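Just below is one structure, and these are the notes that go with it.
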Amino acid sequence: MRSLLINLFIFFLILFLISCGPSNTVKVESFIPAGEVQNLTNFTIEFSEDLAPADVQDKWLDEDFVTFTPAIQGKFKWTSPSTLVFSPDSPLDPMQAYKAMINKNVLFNTTFSPDFEEYSFHTPYFDVTKVDFFWTNVPYQNYKLSVQANIYFNYAVDPKSLKEFLEIKRAGAIITDFQIVSEQTADVIAINFGEVEQTDKEQLFSVTVNEKFISALGKDGLKESRTFELKLPPITQLAITNVTAGFDGANGWIEVATTQTVDDKRLKDFITTEPSKKLNFSVSGNVLRIETDLGNVQTVELKIKKGLPGLYGGKLEFDYEQEVSMVNVDPSINFADKKGKYLMLGGEENLKVNAVNINEVEIEVSQVFKNNILHFLNQYGYYYYYDEYYYGYNPEYYVGDYGESIYDEKLKLQEGQNWLKSFTVNLNKALGKKYKGIFTVSVRSEEERWRSDSKVVAISDLGIISKIAEDQIYVFVNSISGAEPVAGAEVSIISTNNQTLLTASTNGEGVAVFSAVKKSIEGFFPRLVVVEKDEDFNYIDLRETIVETSRFDVGGLTQYAADFNVFLYSPRNIYRPGEAVNLSAIVRNDKIKVVKDVPLITKIITPTGKVFE
């Protein structure tokens, strides 16, 4: 009996000591962000114990350490033994609920037992963010005044579907004769109230967007009605309703919203900043914009003197002063030339990239093999994304099994907050490969992988022009560097289903002619023209390179422009080297009036995709 008691004592003593000793369980200290998250964000998970060995830290990994439902494509990085970061490759879906469950892969070879929970988060639900009111003129009747409201949403909406969900009141009385001015899908919708009687008293307006109204993206509508009440000062008074600020990568800017359009010719007499700067002003509707070189200034004291005049007789009653925080620009990275696809073989082989607020860049260069080009292009030819909601994000080309990754490298950029930093990506290392093809170049932020841009590039000295006549196909091949004809180049016509339909070699004048085409390719449709000469290779996609040959464009406008309509034209579409090109432009505002004293920037791009002037 005594022996039994001793054994029990020893057992409980050991159990007590174990319970007081270190725990063998690993927990999650924090999972952020949670709840409502932005469509573009990194996720950081802090564990209670050190888990990751040194050889996997500070590098992006493809291994799945967390299972997301619905799935999210991206990569993981251990920034410390106990800190795991997940960076998505693209924006999260709008208005989407997600769940996350941490896998046992995070344990590596440790002996810890996991004690993990399931985590939930969602991207912002559809909502109305604000409404502002201001005086404006009745369209085409400048002597009559109206009241306009701008309704701001966090996702774009179709203005045609909005009216039945709107309820607008003036001084408690319902208004039904308002008009929706905006015609295009957007996240800011303008509402006009027609001619409004002017009084010497402020007017109370309320705007209600009723529940179940949905955005242009579909999905769930407003969960509950949203009402905004605002007081509009009389026409004799000018009031400031909002001030925002930021950087655009080259200059700092401050935008001031007012209750009526201000007189842009007198702004310099009423607006100053501290520190004092040379200010440039512009006015659009009820918003005046101030631009200046602010260096690294993070806060500005904005001063607006009383008496600032509006165009409709209103004046600012009191001096206005506000300390304005210069909001940092969202980080972004993109190729300076979005459209160019060709680089000259033997040239510099450089691509210019612009970046803002990104300190380190990851560059990846891959090759698409020539026999896979069509399948690769079909993946991305009509790719569309709501990238207006995701500033800094651009869809990326994935080569996958259509080719191979050639190399990747990292580049540290010079320090500097909010200012444009440009660098070049040189593709010399991509040349001289065993297989022919085209290349994809991706640049992305090392810290936030969705901040990226991607580009398809062909590097060649073979310039191609193709002409499809009634029953013939002509292919002209000239050297890009010297413009002389290329003889003996092998030309292939590839169909829409990746079959080689026709082959020929160029003659001494650099021309390959295919005759009786209809009979030869019956049942197939040409899609690619591929040209090879020795180690050189190039292609054109016939869907992308069609030149309009009708005498006049009579289609007219297909989309209404809310600010300016610009018509650019020249006597013809194709010019030879050395010829003078005459360009003409017509610029009109939304009232079809001539626009004066507005600077115009014209960019001319060479056939190799570089900006010429």
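FYI, it's all coordinate maths here, none of it is from the lab. Predicted model only: the values in this text are computed from it and were never measured. Note that each Cβ is placed from the backbone with ideal geometry, even for glycine, and that neighbours are counted across all protein chains shown.
For the chain, a simple Cβ point-charge model (Lys and Arg +1, Asp and Glu -1, everything else neutral) yields a dipole of about 1100 debye relative to the Cα centre.
Per residue, the convex hull around the alpha carbon atoms of the range 21-122 comes to 91 Å³. In the range 21-122, Cα pairs under 8 Å separated by at least six residues give a relative contact order of 34 percent. Ranked by how many other Cβ atoms sit within 10 Å of their own Cβ, fewest first, the residues PHE369, PHE76, PHE612 fall in the order PHE612, PHE369, PHE76. In this simple spin-label model, placing a label point 7 Å from the Cα along the Cα-to-Cβ direction at both ASN371 and THR227 gives a separation of 7.0 nm. If you sort the three axes of the alpha carbon gyration tensor as a ≥ b ≥ c, you get a/c of 1.5 or more for the chain and a/b no higher than b/c, which makes it oblate.
A simple spin-label model places the labels of VAL243 and ASP597 2.6 nm from each other, with each point 7 Å out along Cα-to-Cβ. Extension gain for ASP263-THR79 works out to 60.9 nm (0.36 nm per residue, less the C-alpha to C-alpha distance).
Relative contact order, whole percent, for the chain stands at 8, derived from Cα pairs under 8 Å and 6 or more residues apart.
Value of Rg to Rh for the range 181-316, rounded to two decimals, is 1.03; Kirkwood radius and Rg both from alpha-carbon coordinates. Counting neighbouring Cβ atoms within 10 Å and putting the fewest first, the residues LYS163, LYS603, LYS75 line up as LYS603, LYS163, LYS75. Expressed in units of 2.2 N^0.38 Å, where N is the residue count, the Cα radius of gyration of the range 128-235 is 1.07.
By the Kirkwood approach, averaging reciprocal distances over each pair of separate Cα atoms, the range 238-325 gets a hydrodynamic radius of 13.0 Å. Radius of gyration over Kirkwood radius for the range 462-541, both on Cα atoms: the Rg/Rh ratio is 0.96. Taking all C-alpha pairs of the range 27-72, those more than 12 Å from each other amount to 75 percent.
In this simple spin-label model, placing a label point 7 Å from the Cα along the Cα-to-Cβ direction at both LYS144 and TYR575 gives a separation of 4.7 nm. When the chain is described by a simple charge dipole with +1 on each Lys and Arg Cβ and -1 on each Asp and Glu Cβ, the residue from ASN105, SER90, THR506 located farthest towards its positive end is THR506.
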